[in-house]
Structures are given as C-alpha cells and as structure tokens.
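K.L.:
Here it is: the structure, laid out below.
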Amino acid sequence: MSDQPHETTAKGGFETRAIHAGYEPDPTTGAVIPPIYATSTYKQDGVGGLRGGYEYSRSANPTRTALEGALAAVEDGERGFAMASGLAAEDTLVRATCRPGDHVVLPDDAYGGTFRLFDKVEKAWGLEHTPVDLTDLDAVRAAIRPGSTRLVWLETPTNPLLNVGDIEALAAVAHDAGAMLVVDNTFASPYLQQPLTLGADVVVHSTTKYVGGHSDVVGGALVVRDLELAEQVAFHQNSIGAVPGPFDCFLTHRGLKTLGVRMDRHCDNAEKVVEFLTRHPAVTQVLYPGLPEHPGHEVASRQMKRYGGMVAFRVAGGEQQALAACERAQVFTLGESLGGVESLIEHPGRMTHASVAGTDLEVPADLVRLSVGIETADDLLADLDRALG
Ligand SMILES: *Cc1c(COP(=O)(O)O)cnc(C)c1O
C-alpha cells in the first residue's frame, strides 16, 4: 500500500507533534481521537475504488495510520511503521535489508531477545553476526566486513549496564563502509534522543516500554528517513504481516501523547533515586549515565536531553543481598519489562539476563535494575531504604 496517506507533516515542538501528528479530527464526526477501526476490510466504490487507500487491515488500518504518522513525527523521520512487537519490528527490518550471506554488527550487550533473534533465528537463514563493544569505534571498524555488512546495530543506553554509544560517530563508521546504522531507541525514547537527526538510518522501538508507557500493550515500531528504504519496509510489513491490531494501536498512540511529561517525571524521580542510592551504605556502585563518573556521561550529555528513568546499582553483600532487596521492595514491583508509570525492580542475573549466564555477556550477580516510575518520589526512596535493609 505505497499510496497510503501517512500524515507526518504536523510541525511544532515535541509535545505538539506527539499530540497532533498523524491525525486530523474525523471529518464526519469531529472525533478528536482516532477511532478504533475494528474492521478487517473496507467497502470499495466499484472494483479498485478504495476510500483513502484502505483495502484490507493487514495492509493498512486508519487507527494504525494515525499512530504511524505520530511515530514518524516524534522521531523526525519520513515514515513510521507500527508492528506487533519490538522483535517483530526487528525481524521485518532485517528481512527488508539483509540477504543470506550478509553480515550484521551487534552490540555485545544487546537486549537478550535481539541477540536470540540474530543468533538462533536469522543465523539459520544465512545471516551472520559479530557481537562487539559499540563504545569502541576501532572494534566496530574491525568487525565490519566491507561489502557484506549491511547493518550496524546500536542500543543506547544499554540494558542493564546503561552503556552509551556515540550515534553520530557510529553513523559515520557505518556509512564509510556502506552499511546502515540502526538504533534501538527503546531505553531513551524519542523524547530524550532522536537518532535520525544524528545520522542514524533506522530507529527501532519496543513501544511496549516508554512509548506505550502503561504496561498494558505489547508493540514495536520502525521509523526511517529514506523513502526508498520506507518502500522496502512497507512491502515487508505487509508481506510478513506482523502488524498490531487497532486496539493495540489505540493504546500505544494514547501513551505516546503523554510521553514528554512522563519522561520528565521518570527522569526527575530517577535523579532523586540515584542521589539517594549514591549515599546509601548498602550500595557499592550506581550505574546511571547522568553521573559524571559514568563512562558514557560525556556522549550522553551530547546526544540525550536528559538521562532517562533506568537505574542499575550493585549491592554490598553480593547476590543474596541483591535478591533480598528485590524481594523486600513493595512500591517497586518485582518484575521484568520497563518504561511503565509504575516502578519495577529486578535482578538481571536471575531474571532478564539469566540466559547469558556463563558467557561474556554475564552481568554481575550483585546487580539490581530499576525502572523508576512516576509515583511520589519520597515513597520510592522510603521503599528502597526498606528494601536495602
Ligand atoms: C523489550 C525490548 C525489545 C523487544 O521488544 P518486545 O516488544 O518485547 O518484542 C527490544 N529492545 C529493547 C531495548 C527492549 O527493551
């Protein structure tokens, strides 16, 4: 459906685009919010006489079109694509850009599901990959195979160690070798960081996290700035069909509208939590890109508006104390995922990163990860104090 209307033209500041881009009040009813178009098909006015280009809801659905326009606008891209999950977005992008025999450079601390996709699924179809430390530009140059590396894949900040990669520098390295730079922008969200404006070619999101923001929907997105690439992605989105339904699009779009105010509160609360943990005797190290001693602080200060809502810390007393802190917390809910309004706590070594135990990607056993929510900050600090005993 290359002739789909994708209204990405709304201008203005970030919040204005997040609220208005992609949708004009419905011409027949004036509905201010995109209706949930629970329809699989559309009446044609004579054979091939499509209204607004809509033919079948795998190809396009108006609730999805509105979300896709808003996603493109907040990332400053040309076109956005809503997908059924973050991993569905990644798989669709890979099939749109890579062929058997091609090669991809991956972060050596990639999101576990991303690593599994490349290592256990794409590899079986002949796509090779090399994990590398993306904060080391020479290592990235050395890992690139000229002529066959199609993608350099960056996450920044990373999970759970919050390492920071230099988007502008990595875009230059990738482009010098004829490859594209893909940035998984899930942790920062488009409010804090817009990789396409720094030279990246594609932005990937798990909209399940900050964009949706309420832990009530799973989704993914791709945003691109090149129209030829957009055509390839559009073709694969429709041909593979890993698309979200209209209810999911409605929830994700509703979340996106408040992303700016939520992220500012996530950041405010994370800064207070970091300050508290830094002074707590039971904490041996706090990992947060906003701390001047964090190795990625300088790059993060250049490319991010603020430092985000994710915080990791190490606990005196090792794994047992880290596990105990996770289990004693009450306002911080023990659970995986991140980016919702509610605070979450987890033990990466036993939970999100259990699958990399015993490998180079293993995380410290005394590490605790927080997704700092937007509750009353004092309640979060009191809860952490209790959790740390
Ligand atoms: C959760 C996550 C994904 C995968 O997204 P799903 O929506 O769970 O498929 C990809 N990248 C990052 C950084 C994530 O946190």
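K.L.:
Out of curiosity, is residue 134 within 16 Å of the chain's Cα centre (by Cα), within 16 Å of the ligand (Cβ to nearest atom) and assigned by TED's automatic domain parsing to the domain that holds residue 58?
P.N.:
Judged against the criteria, residue 134 is not a match.
K.L.:
Right, something else. Working only within segment 212-244, note down all residues that are hydrophobic (A, V, I, L, M, F, W, C) and touching a strand residue (DSSP E or B) at 6+ places or on another chain (Cβ under 6 Å).
P.N.:
Scanning segment 212-244 gives 221, 222, 223, 224, 230, 233, 242.
K.L.:
Taking segment 106-122 as the region of interest, how many residues are within 12 Å of the ligand (Cβ to nearest atom), in a helix (DSSP H, G or I) and over 13 Å from residue 93 (Cβ atoms)?
P.N.:
The number of residues fulfilling the criteria is 4.
K.L.:
Which one of 221, 171 is away from the ligand (no atom under 16 Å from the Cβ), outside any loop (DSSP other than H, G, I, E, B) and small (Gly, Ala, Ser)?
P.N.:
Just one listed residue meets the conditions, 171.
K.L.:
Would you mind finding the one in 155, 128, 168, 122 that is of a type in the set (D, E, K, R), touching a strand residue (DSSP E or B) at 6+ places or on another chain (Cβ under 8 Å) and closer than 25 Å to residue 309 by Cβ?
P.N.:
155
K.L.:
Restricting the search to segment 232-246, which residues are among the small types (Gly, Ala, Ser) and part of a helix (DSSP H, G or I)?
P.N.:
Across segment 232-246, the qualifying residues are 234, 239.
Results for (1) of a type in the set (Gly, Ala, Ser); (2) within 23 Å of residue 354 (Cβ to Cβ); (3) modelled with pLDDT of 95 or more, shown as yes or no for each residue.
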{"residue": "112", "(1), (2), (3)": "yes, yes, no"}
{"residue": "118", "(1), (2), (3)": "no, yes, yes"}
{"residue": "127", "(1), (2), (3)": "no, no, yes"}
{"residue": "139", "(1), (2), (3)": "yes, no, yes"}
{"residue": "153", "(1), (2), (3)": "no, yes, yes"}
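K.L.:
Being within 16 Å of the ligand (Cβ to nearest atom) and of a type in the set (S, T, N, Q): is that true of residue 158 here? I'd like the intermediate steps shown before the answer.
P.N.:
On the way: within 16 Å of the ligand (Cβ to nearest atom): yes; of a type in the set (S, T, N, Q): yes.
Answer is yes for this residue.
K.L.:
While we're looking at this one, here's another question. Here are some residues: 92, 97, 63. Which one is hydroxyl-bearing (Ser, Thr, Tyr) and farther than 23 Å from residue 199 by Cα?
P.N.:
63
K.L.:
Quick check on residue 214: is it away from the ligand (no atom under 16 Å from the Cβ), surrounded by fewer than 24 Cβ atoms within 10 Å (Cβ to Cβ) and either more than 20 Å from the chain's Cα centre (by Cα) or in contact (Cβ under 8 Å) with a residue 24 or more places away in the chain (or both)?
P.N.:
no
K.L.:
Also, I was wondering about something else. Would you say residue 229 is within 13 Å of the ligand (Cβ to nearest atom) and either in contact (Cβ under 8 Å) with a residue 40 or more places away in the chain or not in a helix (DSSP H, G or I) (or both)? Step through it out loud before you land on a result.
P.N.:
Working: within 13 Å of the ligand (Cβ to nearest atom): no; either in contact (Cβ under 8 Å) with a residue 40 or more places away in the chain or not in a helix (DSSP H, G or I) (or both): yes.
Judged against the criteria, residue 229 is not a match.
K.L.:
Pick out the one residue from 160, 190, 146 that is farther than 19 Å from residue 363 by Cβ and either out of contact with any strand residue (DSSP E or B) (no Cβ under 8 Å at 6 or more places or on another chain) or assigned to a loop (DSSP other than H, G, I, E, B) (or both).
P.N.:
146
K.L.:
Another question, if that's okay. Name every residue in segment 174-187 that is within 13 Å of the ligand (Cβ to nearest atom) and not in a strand (DSSP E or B), in order of residue number.
P.N.:
Once the filter is applied, which keeps residues that are within 13 Å of the ligand (Cβ to nearest atom) and not in a strand (DSSP E or B), segment 174-187 yields 185, 186, 187.
K.L.:
Same structure again: Can you pull out every residue in segment 195-207 that is part of a loop (DSSP other than H, G, I, E, B) and buried (at least 24 other Cβ atoms within 10 Å of the Cβ)?
P.N.:
Result: 200, 207.
The values are calculated or read from the model by the stated rules, or taken from the named source; none is laboratory data. From a predicted model like this one, the values you see are computed outputs, not experimental measurements. Here the Cβ is made from the backbone with ideal geometry for all residues, glycine too, and neighbour counts use every protein chain on show.
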